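Nothing in this text is a laboratory measurement; each read-out follows from the coordinates by a stated rule. Model, not experiment: these values are computed from the prediction. We place every Cβ from the backbone using ideal geometry, glycine too, and count neighbours over all the protein chains shown.
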Amino acid sequence: MADRSAHFVTRREFIASTGAALASAAVARAAQSSRYTLIIKGGRVIDPAARVDAVRDVAIAGGRIAAIGPSISADAADMIDAHGKLVVPGLLDIHTHVGRYAEGPQLVLQDGVTGWIDAGSQGADHIADTIATARSSPQQGRILINIGRAGILPEGDTMDLARADVSAAREAISKNRDFIAGVKARLSRDVAGPNDFEVLRRAQEVASSFGLPVMIHMGQTITPLARLFPLLKRGDVVTHMFAPPPNSIIDDSGKIEPAVIAARQRGVWFDVGNGQNGHIRWDTVEAIIKARFWPDTFSTDWNTNSRQTGVIDLPNCMSKLLGYGMTVPDAVARATINASRIFPVFKDRGTLKVGAPADIAVLELRDGNFEFLDNYKGTITGRQRFFPSATVLAGKRITRT
Ligand SMILES: [Zn+2]
């Protein structure tokens, strides 16, 4: 009988195996009931990349979008009730100064921003500071290196042309390829003075050796755009596109400058870059929209003062053209899928397609009378405004503080 256990199941073994079967059934049930880690229920899902604009449930598992449907009844570990709210891809802000502040990434995350670009806060000399913020950011953050090696300076980044140092910028990029996503050239007369053309030429010299885009800060340049814009290549970004004259993108007769149209036709992107000084004036906005030259992206030019100024947050900036006839899905596209096409780090973001990383912004679209500020104390009144409500990053709900 030495080999009995090989042929007969003893009572003890029977109990053990039954217990195991029961336990594994329980595990299977638990797995079934929490097949999803999170379900966002009943919101108006707007995913311009998938041409979705409908009331849907969104189910998440493994940090990714697992299912979208009219009614997903499975249980989930967590649930967000989004009835009456918008559920959109996590917002991508391509012009911020988040990298300047250790707490920056967390602050914008609460506004629904699940990806950010720091646009030139630092140059080669102190690039490690902004890269440290990007490295520790919970959401994806990348840096545009300022061609001015000392970064943003009150006296003007490249007023001293020697600061536009090609070899210093190249060296900084080669050491930080994983976090530097492009080169920033700030060209206004109080930043680059008469050096604007040469500063842009040098920025391109740096960027082209790495296949990176250049973002220019336009507005009130000394050199006309007709001379500056031919230096822009496909994939580059013009920020502050609503900057008033001198040298705005539209002439006095209401025509978009030919160099601007040519730039867009060869694949240069046009970004809002809301900011606080010299970048937006309502009459210029109105003329540009009348000429049907819509922005490709919204961005805040965010810093820690934003909440106390006309910027407030990215959802507020996204609201400003609704009164000029931009649709809600078009506004969402400009802060999601459009931005994802500009920087490769966001390649799989900006959409809620099944399989995409579950970065999601839940927004409220409120009706009322909302005052929107330009950078010249001008106001317009809008009838609708987006407000942040909840953020989901990699499938996890972010706690608002
Ligand atoms: Zn900026």
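When the chymotrypsin sites (Phe, Trp or Tyr not before Pro) in the stretch 204-271 are filtered for DSSP coil states and for at most 16 other beta-carbon atoms within 10 Å of their beta-carbon, the remaining sites are 210. Between residue 237 and 214, 215, 216, 269, the built amide H atoms are under 5 Å apart, and every one of these is 5 or more places off in sequence or on another chain.
Nearest 10 degrees is fine. How inclined is helix 127-136 to the longest principal axis of the chain, computing both from alpha carbons? Taking Cα atoms only, the helix is inclined about 30 degrees. On full extension, the segment bounded by residue 377 and residue 125 gains 87.2 nm, given 0.36 nm per residue less the C-alpha separation. Note on the chain: Lys pairs 8 or more places apart or on different chains, Cα atoms under 21 Å apart, count 15. Each part gets one Cα centre, and for the stretch 51-129 versus the stretch 153-217 those centres are 29 Å apart. Loop sites here are GluC sites (Glu not before Pro) outside DSSP states H, G, I, E and B with no more than 14 other Cβ atoms within 10 Å. The longest part of the chain free of them is 156-401. The slack between residue 384 and residue 233, meaning 0.36 nm per residue of separation minus the straight C-alpha distance, is 50.7 nm. Each principal axis of the Cα cloud of the stretch 176-315 was evaluated for its coordinate range; sorted largest first, these ranges are 39, 36, 27 Å. Where the alpha-carbon atoms of the stretch 269-364 are placed on the principal axes, they occupy 43, 33, 27 Å, in descending order. Compactness ratio for the chain: Cα radius of gyration over 2.2 N^0.38 Å (N = residue count) comes to 1.17.
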